[in-house]
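Worksheet: the structure to be examined is printed underneath.
Laboratory data are not the source of any read-out in this text; all were calculated from the coordinates shown. It should be emphasised that the depicted structure is a prediction, and the values quoted were computed from it without experimental measurement. A quick note on method: Cβ atoms are made from the backbone with ideal geometry, for glycine too, and the neighbour counts reach across all protein chains shown.
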Amino acid sequence: MIKQGIFLLLLSALSLGAQAQQIFSTNTYPLVDFRPPLDIVPPALAGSFGELRPNHFHSGIDFRTNQREGYPVYAIADGYVSRLRVQNSGFGQALYINHPNGYTSVYGHLSRFAPKIAQQVKALEYAKKTFELDEFPAGDLLPVHKGDIIAYSGNRGSSGGPHLHFEIRDTKTENTINPQLFGIQIPDHIPPVIYSLYAYKLNKKPFSEYTPKQYFQVTGTNGKYRLSAVNKITISGETGFGITTTDKHDGNSGTNGVYSIELEADGKTIFTSSMERFAFDNSKAINSHIDYPTFLTTKRSIQKSFVDPGNPLQIYSNLVNSGRIELNDQQLHEFKYIVTDSKGNKSILPFTVQSDGKDVINTPDQPAGILFSYAKDNELSTDAVKVVLPKGTLYNDFNFVYKVKPKPASGAYSAIYQIHNNLTPLHTGFNLWIKADASLGNLKDKAVIVSTGGSSQGGVYEDGYVKATPRNFGSFYIAVDTVAPSIIPLNISDGKNMAGIFRMNFKIRDNLSGIKSFNGYIDGNWVLMEFDTKTATLWHTFDELTTKGRHQLKLVVVDMKENTRTYSITFYK
Ligand SMILES: [Zn+2]
């Protein structure tokens, strides 16, 4: 047995030596402290660390669970439960464990917790009379040992199918780190795929939707790629490059993200991005990392190899002139993209670049507007509208465009204000005040700012204005929410005998401002109602407290504007 073990180890070391190489990382991490969080073999990932998602980088790895829920989830090492989180969306039900080596493991979308933890969660929910929970238990309350079953995998929260979302974070900074750097083995012998190359005519201007770009088709397999339609790329003036690329692992793997992208010019690295670790606060800067206008209009994620000045991500290194390229001769220059996955499998795309010798070229200017700068606070103020963007909201300078448009025919309490357009990404929300018409009258408390797409941005009435913090630019006006949420009972009705039925189910929805709270009472006592935003499902699982006999149920659902719906019935158990 022992001999065979050693032999297998040697064999895998040999095959690793042939296939995988060192990947770029700025820190070293413990390689043997952690066991995998699941016992499914071989492990397969539906999502990799840092993979490109709408408005964020994926903060962990998604283990496939054979399209089923309920696989045991194990503590990856000794430690203690440091955070218990229950949410309507997000991770749904999640568990955090602090380990003595300075790292925290996170397990998300769980179907249920192990009994001792579940008991604690339910007690806290009843004590606080709330379903959503974010608790930080003391170190001695819920200790765990490596390999203990802590929970069962699920599909709760914003999850598109059963899987385990798993993270390893630096306990002190809360930076999330690629779990594959900790010796968690995901079989992978397949190098990344490179689909296309783009050349951007930056021309010393900030990147925007007006930056011209040229597409180059890429062909190749198994790590070796080349441009398929041209022998060389001719550039004019200052240029930036970008590529589209994804990765696959062995076996039952989805299309995942790559680990690092390096760009070399004449043998010298001028740009590296790598998915080693990042801060959650910076995750939205994915919209600066990619060509965001192209993503919004075509859903294609081009990863740029030049860095916007307001991009706070710390995934970049070896930058020369922020990745912006100028050639001061008309010689042929050898460029090379090197794309690496988390296992060290590499794909190479060499290409030749030549300048046409023109320094100054004509590229379109952004339409005239007010110059907003990434490096400072920006503000626009008229007597009808005020826009404030604190420093840190923008990735680039741009010309801010503002227009007033006619008020919608009905349901509006202001004109429409076009606040630039959604192709310019924002790192955080911005503050927007819109002056309300006199007709708002006594509906002040019901006022919200809505986008012309119809979605509520929230809103608070202040001194004749409604204030909100939209996350994106767009066109906005004031509307009111006077309609209470709807409650649709699915398996219960007045007078029904619920004997033998283990839970009661409802759908609850709100038309505009969104659901603020839900509370259920049986015979006047608060009971736990659980909610799942993605399916709009609200439910209560009966327990021993609902005894045989006649009971009163009251369910109260309130929206953000305090419109209240109450559902009251009698039922039998
Ligand atoms: Zn995930």
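Express the relative contact order of the chain as a whole percentage, based on alpha carbon pairs under 8 Å and six or more residues apart in sequence.
Once normalised by length, the contact order is 11 percent.
Counting each DSSP H run of 4 or more residues in the chain as -39500 (n - 2.57), what helix-only mean residue ellipticity at 222 nm follows after dividing by all residues, to the nearest 500 deg cm²/dmol?
Numbers: 4 runs with 43 residues, N = 573.
Result for the chain: -2500 deg cm²/dmol, rounded to the nearest 500.
May I ask you to compute the full-extension gain from ASP250 to ALA536, defined as 0.36 nm times their residue separation minus their alpha-carbon distance, rounded to one decimal in nm?
Answer, rounded to one decimal: 99.3 nm.
Let's test this: bin the Cα-Cα distances of segment 464-559 at 10 Å from zero up to the farthest pair and state each bin's percent.
Result returned by the calculation: 12, 40, 25, 13, 8, 2.
If you place +1 on the Cβ of every Lys and Arg and -1 on the Cβ of every Asp and Glu, how big does the dipole about the Cα centre of segment 27-182 come out, in debye to the nearest 20?
320
ALA229 to GLU544: FRET efficiency via 1/(1 + (r/R0)^6), r the Cβ-Cβ distance, R0 60 Å, to the nearest 0.05?
Plugging the Cβ-Cβ distance into 1/(1 + (r/R0)^6) gives 0.25.
Quick one: grab the alpha carbon gyration tensor of segment 370-480, order the square roots of its eigenvalues as a ≥ b ≥ c, and give me rounded if a/c is under 1.5, else prolate or oblate depending on whether a/b is larger than b/c.
Numbers: a/c = 2.01, a/b = 1.85, b/c = 1.09.
It comes out prolate by the Cα gyration axes.
Once amide H atoms are placed 1.01 Å from N in the peptide plane, what residues at a sequence separation of 5 or more from ILE416, or on another chain, have their amide H within under 5 Å of its amide H?
Under 5 Å from the amide H of ILE416 lie the amide H atoms of LYS405, LYS407, each far enough along the sequence or on another chain.
Give me the extension gain from ALA118 to LYS386: residue separation times 0.36 nm, minus the current Cα-Cα distance, reported in nm with one decimal.
On the way: separation 268, 0.36 × 268 = 96.48 nm, distance 4.78 nm.
This chain segment gains 91.7 nm when fully extended.
Picking from GLY240, PRO192, VAL230, whose Cα lies most toward the positive end of the charge dipole for segment 136-245 (charges on Cβ: Lys, Arg +1; Asp, Glu -1)?
The residue sitting most towards the positive pole is VAL230.
Please identify the GluC sites (Glu not before Pro) of segment 144-241 that satisfy two criteria: DSSP loop assignment and at most 14 other Cβ atoms within 10 Å. Which are they?
Answer in residue order: GLU174.
Which FRET efficiency value, to the nearest 0.05, do you get for ASN497 and THR173 by plugging their Cβ-Cβ distance into 1/(1 + (r/R0)^6) with R0 = 51 Å? Before the final figure, lay out each step's value.
Working: r = 55 Å, r/R0 = 1.09.
FRET efficiency, ASN497 to THR173: 0.40.
For segment 27-182, what is the Kirkwood estimate of the hydrodynamic radius, computed as the reciprocal of the mean inverse distance between distinct Cα atoms, to one decimal in Å?
15.6
From the residues PRO489, ALA436, THR535, which one has its Cα farthest along the dipole of segment 434-540 in the positive direction, the dipole being from +1 and -1 charges on Cβ of Lys/Arg and Asp/Glu about the Cα centre?
The one lying farthest along the dipole's positive direction is THR535.
Pairwise over distinct Cα atoms, reciprocal of the mean inverse distance: report the Kirkwood radius of the chain in Å, one decimal place.
When all Cα pairs of the chain are included, the Kirkwood radius is 27.0 Å.
Using θ = phi - 60° and the Karplus curve 6.51 cos²θ - 1.76 cosθ + 1.60, what whole-Hz ³J(HN,Hα) does each residue of segment 445-450 get, with Gly and Pro shown as x?
6, 9, 7, 9, 8, 10
Return the whole-Å distance between the Cα centroid of segment 510-572 and the Cα centroid of segment 417-459.
Segment 510-572 and segment 417-459 have Cα centres separated by 31 Å.
Can you give me the C-alpha center-to-center distance between segment 135-154 and segment 26-83, rounded to a whole angstrom?
16
For a label point 7 angstrom out from the Cα of THR352 toward its Cβ, which stretches of segment 259-289 have the backbone nitrogen within less than 20 Å?
Counting only backbone N, you get 264-268.
Quick one: if the Förster radius is 35 Å, what FRET efficiency do GLU132 and VAL483 give, using the C-beta to C-beta distance and rounding to 0.05?
0.90
Seen from all sides and averaged, what is the projected area of the convex hull of the Cα atoms in segment 193-355, in nm²?
Spelled out: convex hull of the Cα atoms, projected over all directions, averaged, 9.7 nm².
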